1. Six or more apart or on different chains, Cβ atoms under 7 Å: show the pairs whose first residue is in segment 194-216 and open to solvent by less than 60 Å² (accessible area, probe 1.4 Å) and whose second is basic (Lys, Arg) and in a helix (DSSP H, G or I).
2. Specify the residue that is surrounded by the fewest Cβ atoms within 10 Å (Cβ to Cβ); the eligible residues are those in segment 167-177 that are assigned to a loop (DSSP other than H, G, I, E, B) and touching a Lys or Arg at 6+ places or on another chain (Cβ under 9 Å).
3. Among ASP75, ASP110, ASP79, ASP102, which is open to solvent by 30 Å² or more (accessible area, probe 1.4 Å), acidic (Asp, Glu) and under 16 Å from the mean Cα position of the chain (by Cα)?
4. Out of LEU32, LEU85, report the one residue that is surrounded by fewer than 20 Cβ atoms within 10 Å (Cβ to Cβ) and over 30 Å from LEU133 (Cβ atoms).
5. Scan segment 51-58 and give yes if some residue there is of a type in the set (A, V, I, L, M), within 17 Å of the chain's Cα centre (by Cα) and open to solvent by less than 30 Å² (accessible area, probe 1.4 Å), otherwise no.
6. Applying the selection to segment 113-144, what residues are more than 19 Å from HIS218 (Cβ to Cβ) and either open to solvent by less than 30 Å² (accessible area, probe 1.4 Å) or in a strand (DSSP E or B) (or both)?
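The values are calculated or read from the model by the stated rules, or taken from the named source; none is laboratory data. Just so we're clear, the structure is a prediction, and the values are computed from it rather than from any experiment. Neighbour counts are summed over all protein chains in view; Cβ atoms, including those assigned to glycine, are modelled from backbone coordinates with ideal geometry. Heavy atoms of the whole protein, side chains included, go into the accessibility calculation; ligands, DNA and RNA do not. Shrake-Rupley method; radii C 1.70, N 1.55, O 1.52, S 1.80 Å.
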Amino acid sequence: MGDSETPDHLGHRARLRSRLLGDAEGLADYELVEYLLALAVPRRDTKPLAKKLLHEFGSLAQLVSADPESLRRVDGLGDTGIAALKIVHAASLRLLKGEFRDKPLLSSWDALLDWLRADMGPIDVERVRILYLNSRNMLIRDELASEGSIDQSAIYVREVIKRALELGASAIIIVHNHPSGSPEPSRQDIRVTREIAEAGARLGIVLHDHIIIAGSDHRSFRSLGLL
């Protein structure tokens, strides 16, 4: 019964579609996932799988941002369904990035933070990214500098500055996430940040900020007076 299309499933799916087109805000997270999976796997009742996925990953944001290998471990979810979830994630990030893509980042700070929280907040492995900016403070490159374990990641000062010179960047912003859930900077975070700021200053490269993302929260070294 659960693997095939029935009149009841068709009616339920039609009602979901009608609500989606009329008032999507009224839909629960599992209903959004249910309808999305129904488009990818049309001849199946996808409500149980949608609820199972949200229970497994904790939230809609964590579900769509999960890596494909983690998603494949959930029984009943194939590559077509995984691709549908990843489309949502990719489209969301692209929309958020579009808010500042062609603007100076320092005047689009809230949009930048929204993008970073959506992209890095749900990740359970610590990552360090460097945003390289031109003389107008517009983003010219966003690069992964390091990926560590769940509680540590290395930032190599020489490599960051070398890459800035290669790209002709005038300024940089360091971003990394704390999977632990606390956005407070560690002593190592502070030490490395100061080393990068000093090394960059000698070559005319400004470190605008170091942003730590922890879930939906964040800390700015500039705001904390650490830069």
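1. Listed pairs, sorted by first residue: ILE213/ARG117.
2. My answer is SER170.
3. Numbers: ASP75 fails: under 16 Å from the mean Cα position of the chain (by Cα); ASP79 fails: under 16 Å from the mean Cα position of the chain (by Cα); ASP102 fails: under 16 Å from the mean Cα position of the chain (by Cα).
ASP110 is the lone residue from the list that is open to solvent by 30 Å² or more (accessible area, probe 1.4 Å), acidic (Asp, Glu) and under 16 Å from the mean Cα position of the chain (by Cα).
4. Residue meeting the stated conditions: LEU32.
5. No, segment 51-58 contains no residue that is of a type in the set (A, V, I, L, M), within 17 Å of the chain's Cα centre (by Cα) and open to solvent by less than 30 Å² (accessible area, probe 1.4 Å).
6. Within segment 113-144, TYR132, MET138, ILE140, ARG141, GLU143 meet the criteria.
Residue by residue, here is whether (1) within 26 Å of SER216 (Cβ to Cβ); (2) open to solvent by 50 Å² or more (accessible area, probe 1.4 Å); (3) modelled with pLDDT of 90 or more holds:
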site	(1), (2), (3)
SER146	yes, no, no
ILE150	yes, yes, no
VAL160	no, no, yes
LEU165	no, yes, yes
SER180	yes, yes, no
